[in-house]
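Below is one structure; the comments refer to it alone.
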Amino acid sequence: MNVQGFDSTAARQALVDCQVRVNDVTNKRIIRAFRHVPREAFVPKSTSPAVAYSETEVETAPGRWLWRARDSAKLLQAVEPAEGQSTLVIGAGLGYTAALFSDLGMKVTVLEADDDRANAARAALSAAGFASVETTAGDLKAGIPGRTFDVIYVDGAAAAPEKAWLDQLSGKGRLGLIVRDRAAGHARLYRKGAAGYSTLFEAAPPMLPELEPAPAFTF
């Protein structure tokens, strides 16, 4: 990574000023987390650090993306992160969103699709100072059977919420994800025991390949 002449602190402040606060993100703890967590630590080393702060999605590995700050900040605020609570980040890539949750004082678990992805997330998080984040590998659609979480955050678009995710919410748990139907995408918030969901805002980050719908048969 070429860091010569790059001012990470200034870049994070500009991100907050130009992409986070202007998009109705008012939670002071979340704003502080965006100021504190270095996005450039969660993109490939071959990527210019300035690219991590652009107003576009950045591919961090095949099928994994660093979202636009506007989208991740708004969904993060919607799931109401509380210090000391537990959160599961599904399809976390190199772990930027997981680092934000950890910076907010939450107990964070990352679920990735295979050991290579989980190990890459673990390495990036540890190098950035977030070694306390637990990382594990498994079926993204299945969540982590036998465990419950106060927050489940899907770090990529999905075709629909999985029943396993809803089942693994704690008594007052919240599920935040973006549901995409072709080009359109909508952020949704699900609450344990509540009927239906709340539609929050429009956003269309790339879909996690593991969560794409099965192809329909045509005749």
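The values are calculated or read from the model by the stated rules, or taken from the named source; none is laboratory data. Predicted, not measured: the structure shown is a model, and the values here were computed from it. Glycine gets a Cβ as well: all are built from the backbone with ideal geometry, and neighbour counts include every protein chain shown. Each accessible area value is taken on the protein alone, full model and side chains, heavy atoms only, with ligands, DNA and RNA left out. Shrake-Rupley method; radii C 1.70, N 1.55, O 1.52, S 1.80 Å.
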field: Unique match (being farther than 23 Å from Pro209 by Cβ and open to solvent by 20 Å² or more (accessible area, probe 1.4 Å)) among Ala131, Ala113, Ala123, Ala137
entry: Ala131
message: I'm checking my understanding of the structure. Among residues of segment 141-150 that are surrounded by fewer than 22 Cβ atoms within 10 Å (Cβ to Cβ) and touching a helix residue (DSSP H, G or I) at 6+ places or on another chain (Cβ under 8 Å), which one is farthest from Leu76 (Cα to Cα)?
response: Pro145
field: Qualifying residue in segment 177-185 (condition: assigned to a strand (DSSP E or B), at pLDDT 95 or above, charged (D, E, K, R) and under 17 Å from the mean Cα position of the chain (by Cα))
entry: no
- prompt: What is the residue count in segment 182-199 for residues that are open to solvent by less than 60 Å² (accessible area, probe 1.4 Å), under 30 Å from Gly171 (Cβ atoms) and not hydroxyl-bearing (Ser, Thr, Tyr)?
  reply: 6
field: Residue satisfying all of: in segment 142-159; more than 20 Å from Ser102 (Cα to Cα), in a loop (DSSP other than H, G, I, E, B) and modelled with pLDDT of 95 or more; farthest from the chain's Cα centre (by Cα) among these
entry: Gly146
message: Checking Arg68 against (1) in contact with a Gly (Cβ under 9 Å, 6 or more places away or on another chain); (2) under 19 Å from Gly156 (Cβ atoms); (3) in contact (Cβ under 8 Å) with a residue 60 or more places away in the chain; (4) open to solvent by 20 Å² or more (accessible area, probe 1.4 Å), only one condition comes out false. Which one?
response: (1)
statement: Scanning segment 160-176 for residues that are under 21 Å from Ala214 (Cα atoms) and assigned to a loop (DSSP other than H, G, I, E, B) gives Ala160, Pro161, Glu162
- line: Picked from segment 163-174 (must be touching a residue at least 40 places away in the same chain (Cβ under 8 Å) and under 27 Å from Arg68 (Cα atoms)), the residue surrounded by the fewest Cβ atoms within 10 Å (Cβ to Cβ) is Trp165
- line: Of the residues in segment 28-41 that are closer than 16 Å to Met106 by Cβ and in contact with a Leu (Cβ under 8 Å, 6 or more places away or on another chain), the one that is most open to solvent (accessible area, probe 1.4 Å) is Arg29
field: Every pair of residues 6+ apart whose Cβ atoms lie under 6 Å, when the first sits in segment 37-53 and is under 13 Å from Phe6 (Cα atoms) and among the β-branched types (Val, Ile, Thr) while the second is open to solvent by less than 30 Å² (accessible area, probe 1.4 Å) and at pLDDT 95 or above
entry: Val51/Val58
